[in-house]
Amino acid sequence: MKYSAIILAAGSGKRSGLEFNKILYEINGKKIIDYSLDFFQTDADCVQVILVSSRQEIDSFSRMFQNEKIEVVVGGETRQESVRLALEYVQNDVVLVHDGARPFIPREGVNKLLLGLEENDSVTLGVKAKDTIQEIEGNRIVRTLDRDRLILTQTPQGFKKDKLLRAHNLAFKHEFEGTDDTVLLDEFLKIKALFVEGDYRNIKFTTIEDIEFLEVILV
């Protein structure tokens, strides 16, 4: 199944303790973002890569990531706005949305996403929770959640473009902010995402402690 890929790369390095965009941090000789770009550029099913940059970095990103398959575009103030703006450039009926700070993309997981999109409009990667997860109020535990019913959501997430664009436009109209794109389809189109098994190595580079894990994972 042919698809377009949106890679979100307009973040900062604040939580990671860096003074620059964390996707430019090098691990094992490659920038964090290069791992995602290499995956999609070499995937024959991926016909288009839309790299979403901040307005401040658009010129440097355009010079840095020159490739006939890559189009660098300006994102918004939030993740959600960046996806909505990027959708204007998507040329394919199927689109995968990926966080550029997740350098390990599981090949098998993407295959499952594309297979799921044959009969579904919204599909997400995820892994089942291993730890006990509890809800607190103040410093008191008030409820233990059933971990057999919980997943840790990952990207890429896959969508039919028309449904995702419609959900984003409705969210914009109603000033609704979701935690990810699957939430928007559920909220406005009553489309619940299909969950397919991801990979525990598909972690997001968020804090400086993540670097040690990624140095082992990205070999």
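The values are calculated or read from the model by the stated rules, or taken from the named source; none is laboratory data. Please read these numbers as outputs of a predicted model, since none were measured by experiment. Positions of Cβ are backbone-derived with ideal geometry, glycine not excepted, and every protein chain shown enters the neighbour counts.
Residues in segment 37-64 that are small (Gly, Ala, Ser) and in a strand (DSSP E or B): 53 only.
Table: residues versus (1) touching a Phe, Trp or Tyr at 6+ places or on another chain (Cβ under 6 Å); (2) more than 22 Å from residue 104 (Cβ to Cβ); (3) of a type in the set (A, V, I, L, M, F, W, C).
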residue	(1), (2), (3)
28	no, no, no
32	yes, no, yes
35	no, no, no
39	no, no, yes
60	no, yes, no
65	no, no, yes
74	no, yes, yes
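For segment 40-84, the set of residues classified as modelled with pLDDT of 95 or more and of a type in the set (Lys, Arg) consists of 79, 84, listed by residue number.
One line per residue, one yes/no per condition, for (1) farther than 15 Å from residue 183 by Cα; (2) surrounded by fewer than 17 Cβ atoms within 10 Å (Cβ to Cβ); (3) among the polar types (S, T, N, Q); (4) in contact (Cβ under 8 Å) with a residue 40 or more places away in the chain:
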residue	(1), (2), (3), (4)
104	yes, no, no, yes
125	no, no, no, yes
130	yes, yes, no, no
135	yes, yes, no, no
167	no, no, no, no
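Within segment 84-91, at least one residue is closer than 30 Å to residue 173 by Cβ, in contact with a helix residue (DSSP H, G or I) (Cβ under 7 Å, 6 or more places away or on another chain) and not basic (Lys, Arg). Of all residues in segment 43-86, which are more than 17 Å from residue 158 (Cα to Cα) and polar (S, T, N, Q)? Once the filter is applied, which keeps residues that are more than 17 Å from residue 158 (Cα to Cα) and polar (S, T, N, Q), segment 43-86 yields 53, 54, 56, 60, 62, 66, 67, 78. From the list 190, 160, 173, the lone residue that is more than 20 Å from residue 127 (Cα to Cα), of a type outside the set (S, T, N, Q) and buried (at least 16 other Cβ atoms within 10 Å of the Cβ) is 160. Comparison of 50, 58 shows that the only residue that is touching an Asp or Glu at 6+ places or on another chain (Cβ under 6 Å) and in contact (Cβ under 8 Å) with a residue 12 or more places away in the chain is 50.
Condition test on residue 72, is it touching a Lys or Arg at 6+ places or on another chain (Cβ under 6 Å), of a type outside the set (Phe, Trp, Tyr) and assigned to a strand (DSSP E or B)? Step through it out loud before you land on a result.
Details: touching a Lys or Arg at 6+ places or on another chain (Cβ under 6 Å): no; of a type outside the set (Phe, Trp, Tyr): yes; assigned to a strand (DSSP E or B): yes.
No.
Of everything in segment 137-157 that is free of Cβ contacts under 8 Å to residues at least 24 places away in the same chain and closer than 30 Å to residue 3 by Cβ, the residue that is surrounded by the fewest Cβ atoms within 10 Å (Cβ to Cβ) is 149.
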